[in-house]
1. Find the residue count for the stretch 71-91, including only residues that are over 16 Å from A138 (Cα atoms), under 23 Å from the mean Cα position of the chain (by Cα) and of a type in the set (S, T, Y).
2. Read through the list (1) open to solvent by less than 70 Å² (accessible area, probe 1.4 Å); (2) farther than 18 Å from I9 by Cβ; (3) without any contact (Cβ under 8 Å) to a residue 40 or more places away in the chain; (4) not charged (D, E, K, R), then give the number of the only condition that M104 fails.
3. Would you tally the residues in the stretch 107-136 being surrounded by fewer than 17 Cβ atoms within 10 Å (Cβ to Cβ) and in a loop (DSSP other than H, G, I, E, B)?
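The values are calculated or read from the model by the stated rules, or taken from the named source; none is laboratory data. On a predicted model such as this, the values are computed, not experimentally measured, just so you know. Cβ: placed from backbone, ideal geometry, glycine included. Neighbour counts: every protein chain shown. SASA here: full protein model, heavy atoms, side chains in, ligands and nucleic acids out. Shrake-Rupley method; radii C 1.70, N 1.55, O 1.52, S 1.80 Å.
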Amino acid sequence: MKKDSYLPILSLITHSLFVGGCSVILFVLVPFWQKITAEEFLVWFSSNSKSVGLTMLPLEAIPLLISISTYIIAYKQKLNTKNLWFYNLLCNVVILIMFFLYFMPANTAMASKTIPIEHVAQELKRWELLHILRTLLAILSILFCGIAIKKAQK
């Protein structure tokens, strides 16, 4: 990337920030949620989900936007890293699809307390598994960034 050489490192940084946020949720919040009662969880989630969402939304959206830009530039410049940037973008698109298909409806149901209390534990387990998948995709995205940056330096 000629003029836009800051984009790959910015992509790596923003993807890393998203993985950091996902890791805090995975290793701090999820275990906390699973230790409290279903009723306590729903109260906590309805009180705090907006703050968590306002933190995570930009951490998810910014890497996606940078991934789009980076791929378009790599494609237009016919760079030998364009496939890596495509795979990076693909990971981000899958993460976005997961958000709209699962996390947004699940989070809304938990925040509004419309999920039946007897389904909370099972839903939290499903939420955790899908969040692990989302986190792994984000890590994979970082790997594609790093490999593309390294390959461009050769």
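1. 2
2. Unmet for M104, out of (1) open to solvent by less than 70 Å² (accessible area, probe 1.4 Å); (2) farther than 18 Å from I9 by Cβ; (3) without any contact (Cβ under 8 Å) to a residue 40 or more places away in the chain; (4) not charged (D, E, K, R): (1).
3. Adding up the residues that qualify gives 4.
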